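The structure appears right after this line, and notes come after that.
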Amino acid sequence: MNVFNKLVGLTLILGLLHACGSKPNPEQEEAYQKAASVLAADESFYPILDEELYYFTAQTLDSITPLYINEQDAVKKLMKLETWLAFTTRDFTPKERQNLIDRKYMPRAIPIAYDGLAIIVNNANPDSCITVKDFARILKGEITKWSELYPQSKLGEIDVVFDNPLSSTVRWCVDSILDGQQFSAKNIGAVKTSAAVIDYVENHENSLGIIGSNWLNDKRDTTNVTFKKNISVMGVSKMETAEKYNSWKPYQYYLYNGNYPLRRTIYALLNDTRNGIPSTFTHFIQLPRGQKIILRAGLLPRTANMNVRDVIVNRQ
């Protein structure tokens with residue numbers, strides 16, 4: 001075969017490949033770009049993700065719009081291909097993962113950080129610690145009055161408030177504290193956001209709120225050992241009886257060493273087919289700068305190295 005015939009044959013092959021559909025589909029391209037322009041996240045992650053996005057967009061000039069909703073709706077949007085990235089406190093379920101694989105996608109669950117589920121009370125409440133067992137009994141409706149926990153208490157009924165009925169905090173409590181049992185007590189309710197929980201607890205002396213710990217930190221304190229002044233954060237104990245010496249608050253170190261029992265993993269659920277902006281943003285969070293932002297926000301980074309130092313305080 002001479003050179004001319006070879007060129008003709010190659011041209012025919014390339015023409016056939018082009019005719020077989022190698023041209024991008026405009027509708028598919030538009031659908032991808034639309035989903036890639038947003039991320040869905042449980043509302044409890046607003047403080048940390050807002051800061052991550054600020055530095056990410058400043059560095060890359062890429063644009064991605066956060067949609068802060070409840071965890072269930074965030075996962076639904078991912079499954080419906082309305083976004084390629086969702087932030088949750090759980091992995092894909094086997095059914096969800098297989099569903100995406102069957103549709104020729106490659107779902108990935110990437111741990112990026114740990115936070116604590118914080119139990120908050122009004123500043124007028126003198127009781128500062130609680131056991132995991134008693135917390136579970138409150139959620140089951142077995143304990144409904146503060147005096148059943150603390151005989152001297154005069155605060156009356158325990159008014160339990162969550163951020164959202166479909167949030168990650170509710171799901172985590174159901175799965176990890178109640179072994180799948182749903183709430184049934186009449187004194188358990190929900191508002192709409194984590195900020196609303198803090199506001200509610202601040203204004204109701206008998207209330208007990210449950211929020212993600214990244215809503216607690218006082219931004220003026222770079223050491224992350226100062227929580228908001230308008231509420232009190234309860235220490236939580238794994239023991240049968242909660243005392244100050246065996247109860248821990250969701251500080252970074254107690255998340256790190258396992259002392260704080262209500263620790264959750266934060267996941268980036270990624271289904272990006274083209275390694276576009278959603279993948280780039282997830283990678284940014286995993287890099288040292290992204291992990292440092294998590295550390296500065298008071299959460300526990302997933303991959304960053306942490307230095308723990310003993311400090312001797314001279315009280316003289």
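The values are calculated or read from the model by the stated rules, or taken from the named source; none is laboratory data. Since the model is a prediction, treat every value here as computed from it, not as a measurement. Methodologically, a virtual Cβ is constructed for each residue, glycine included, from the backbone with ideal geometry; neighbour enumeration extends over all protein chains shown. Calculation scope for accessible area: heavy atoms of the full protein, side chains included, ligands and nucleic acids excluded. Shrake-Rupley method; radii C 1.70, N 1.55, O 1.52, S 1.80 Å.
Points to keep in mind about this one:
- Scan of segment 33-54 for residues that are over 25 Å from N164 (Cα atoms) and open to solvent by 50 Å² or more (accessible area, probe 1.4 Å), ordered by number: Q33, K34, Y54
- Selection count where residues are part of a strand (DSSP E or B) and either under 24 Å from E142 (Cβ atoms) or open to solvent by 50 Å² or more (accessible area, probe 1.4 Å) (or both), scope segment 173-216: 8
- Strands (runs of 3 or more DSSP E) wholly inside segment 55-137 that include at least 1 residues being buried (at least 23 other Cβ atoms within 10 Å of the Cβ): 85-88, 108-121
- Candidates A185, A136, A109, A124: the one that is touching a residue at least 12 places away in the same chain (Cβ under 8 Å) and under 19 Å from the mean Cα position of the chain (by Cα) is A109.
- Of the residues making up segment 269-296, those that are surrounded by fewer than 20 Cβ atoms within 10 Å (Cβ to Cβ), more than 18 Å from the chain's Cα centre (by Cα) and in contact (Cβ under 8 Å) with a residue 40 or more places away in the chain are T273, R274, G276, T280, R289.
- Test for D62: is it of a type in the set (D, E) and more than 30 Å from N230 (Cα to Cα): yes
- For R264, the requirement of being surrounded by fewer than 17 Cβ atoms within 10 Å (Cβ to Cβ) and of a type in the set (D, E, K, R) is not met.
- Output for segment 138-172, where each listed residue is buried (at least 17 other Cβ atoms within 10 Å of the Cβ) and assigned to a strand (DSSP E or B): D159, V160, V161, F162
- Residue match in segment 301-314 (condition: at pLDDT 90 or above and open to solvent by less than 50 Å² (accessible area, probe 1.4 Å)): yes
- Residue within segment 259-268 that is under 30 Å from P107 (Cβ atoms), among the basic types (K, R) and in contact (Cβ under 8 Å) with a residue 40 or more places away in the chain present: yes
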